[in-house]
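Accompanying notes for the structure given below.
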Amino acid sequence: MISSKEKNTTIATAAVHAGERDFDQYGSHINPIYQTSTFVFRDVDAGAKAFQGEEDGASHIYSRLGNPTVEKLERAIAELEAYGLPDQNAYTGMAFGSGMAAITTGIIAAARGGHIIAQDALYGCTSQFLDLEVPELGMSRSFVDVSDLFLLEMELKKNPGTKLVYIESIANPTMTVADLPNIAAMAHQHGALLMVDNTFATPYHMQPLKHGADIIAHSTTKYLGGHGSVIGGALVLKSELIEETSLHKFRKNLGGIAAPMDAWLLSNGVKTLPLRMQKHAENGLKVAQFLEMHPAVDQVWYPGLKSHPQYDLANEIMTNGFGGVLSFELKGGFEAGKSLMNSVKLCTLAVSLGTVDTLIQHPASMTHSVMDPELRLEAGITDGMVRLAVGIEDAEDIIHDLEQALEG
Ligand code: LCS
């Protein structure tokens, strides 16, 4: 068995072997599914000992606390997010039953009782949680356009003692690329942690830990799983920060851990992440270039296009391309977008992203409909914006479908 940690491998090789440790007692090649709610104690003393070690989450007692199949996935995601870092072993992954379970548990643990400064454009449910639930849980929050570092600095000065800055490395659905090195430095200067949702970029295209982020969040539902068969989430952070924030205790008591079967499916997805992302990114760029040249299209937001406001930044901090998601607005506004979404034949009208097939959706009435409408518009999520999560079909076939739908 290759240990990707010991060998100097590429991220593609690391992904294939990520999370592996030992063979089980039968020498199973693929990680077995420990589909069990609880674990047997040899005797009462062993049970008591397992409970004494419970705080670090390492012992097997009960699958809400930890499960070997889930731990394999956790090691794999942590290895990819920390890939190439000199202190790779200092990071730990935690798997959750959904991206929202990971995000809410992480926010509550890291920012409890304090102030959070959040990006204005975020996935709709994250935005809604921060906007409406966070104040009811004894925390405060403000929203800011983090692409303007001056505004972020002002907000940090206005809220001394801010505990957490919360952003998406590539924002859903505006495709704003975060200036991670500067945002991390600024947050740290003011004593705040930086939490980054890296769902859109994945560690194949961006590794926020390398740029100073403290906590990485994922909806593993998307590219990490890759096949649209699982809802899941993950956090990756320094093991010592898990201790400081009591994150294991929060996950145990809030109860959001991933299920073994889901973790197993997700582990299979992680193995092909680089392979899939390469094709998503190649297709993403081709489709973005096609849409930008089309006479019916007003604007396209894709970090690989020169017209993207953070094109230079994206080239600096992204690796291997720019991912598979893009947003665009048609000259005919919402009505034209609606007609396009109703006319596609190969692309599927559905929310979510990161599946092998191409998905199209309307953020204002779907994924971001739960956001405060004023904040949504201020964040640049217009009523006419259409989001396309480009799949791994042949780019020419996706383009052909969009072409016929734009004519229709
Ligand atoms: N973070 C991002 C960036 C997301 O896009 C999503 C879901 C989540 C977190 C939440 O993850 P979940 O709990 O669903 O696993 N985004 C969706 C979207 O854009 N369409 O449908 C769901």
| task | Indicate, rounded to the nearest 5 percent, the antiparallel portion of the DSSP beta bridges found entirely in the chain. | result | 60
| field | Per-pair calculated FRET efficiency, R0 = 22 Å: residue 24 and residue 45 via Cβ, rounded to 0.05 | value | 0.30
| query | How much net charge surrounds residue 372 when only the other residues with a Cβ under 10 Å from the Cβ of residue 372 are counted, with Lys and Arg +1 and Asp and Glu -1? | reply | -2
| query | Where the centroid of each part is defined by its Cα atoms, how far is the stretch 307-370 from the stretch 64-133 in Å? | reply | 24
| query | Helix 180-189 versus the longest principal axis of the chain: what angle, 0 to 90°, nearest 10, using Cα atoms? | reply | 60
| said: How are the alpha carbon pair distances in the chain distributed across 10 Å bins from zero to the largest one, expressed in percent? | reply: 5, 23, 32, 25, 12, 3, 1, 0
| field | Inter-label distance for residue 12 and residue 243, nm, one decimal - labels placed 7 Å from Cα along Cα-to-Cβ | value | 3.9
| query | How about residue 306: which lysines have a C-alpha closer than 18 Å to its C-alpha, ignoring those fewer than 8 places off in the same chain? | reply | 286
| note | Summing +1 per Lys or Arg and -1 per Asp or Glu among the other residues with Cβ less than 13 Å from residue 332's Cβ gives -3
| task | Hand me the tally of lysine pairs in the stretch 145-283: alpha carbons under 30 angstrom apart, and the pair either on different chains or 8 or more positions apart. | result | 26
| Taking square-rooted eigenvalues a ≥ b ≥ c of the alpha carbon gyration tensor, is the stretch 284-408 rounded, prolate or oblate, where a/c under 1.5 means rounded and, failing that, a/b exceeding b/c means prolate? | rounded
| message | Projecting each Cα onto the charge dipole of the stretch 45-102 (Lys/Arg +1, Asp/Glu -1 at the beta carbon, about the Cα centre), which of 85, 59, 100 comes out farthest on the positive side? | response | 100
| task | Could you calculate the contour length gain from residue 35 to residue 64, that is, 0.36 nm times the residue separation minus the distance between their Cα atoms, to one decimal place in nm? | result | 9.2 nm
| said: Among 344, 173, 137, whose Cα projects farthest towards the positive end of the dipole of the chain, with charges put on the beta-carbon of Lys, Arg (+1) and Asp, Glu (-1)? | reply: 137
| field | Summed side-chain charge close to residue 235 - residues other than residue 235 whose Cβ falls under 12 Å, Lys, Arg +1, Asp, Glu -1 | value | -2
| note | For the chain the mean separation of alpha carbon contacts under 8 Å (6+ apart) over residue count, i.e. relative contact order in percent, is 17
| query | Projected onto the charge dipole of the chain (+1 at Lys/Arg Cβ, -1 at Asp/Glu Cβ, origin at the Cα centre), which of 293, 50, 224 gives the Cα projection farthest towards the positive end? | reply | 50
| message | If the elastic network links every pair of Cα atoms under 10 Å, which of 304, 97, 161 fluctuates the most in the Gaussian network model of the chain? | response | 161
| said: If I fit a long axis through the Cα atoms of helix 260-271 and take the longest principal axis of the Cα atoms of the chain, what angle between them do I get, 0 to 90°, rounded to 10? | reply: 60
| said: I want to verify a result. In a Gaussian network model of the chain, Cα cutoff 10 Å, which of these has the top mean-square fluctuation: 123, 62, 91? | reply: 62
| task | Note the full-extension length gain between residue 357 and residue 306 as 0.36 nm times their separation in residues minus their Cα-Cα distance, in nm to one decimal. | result | 15.8 nm
| message | With +1 on the Cβ of every Lys and Arg and -1 on the Cβ of every Asp and Glu, and nothing else charged, how large is the dipole of the stretch 11-271 about its Cα centre, in debye rounded to the nearest 20? | response | 260
| said: Running a GNM on the chain with Cα contacts under 10 Å, which residue among 82, 263, 48 ends up with the highest mean-square fluctuation? | reply: 48
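Read-outs: derived from the displayed coordinates by stated rules, not from any lab. Not measured: the values here are computed from a predicted model. Neighbour counts are summed over all protein chains in view; Cβ atoms, including those assigned to glycine, are modelled from backbone coordinates with ideal geometry.
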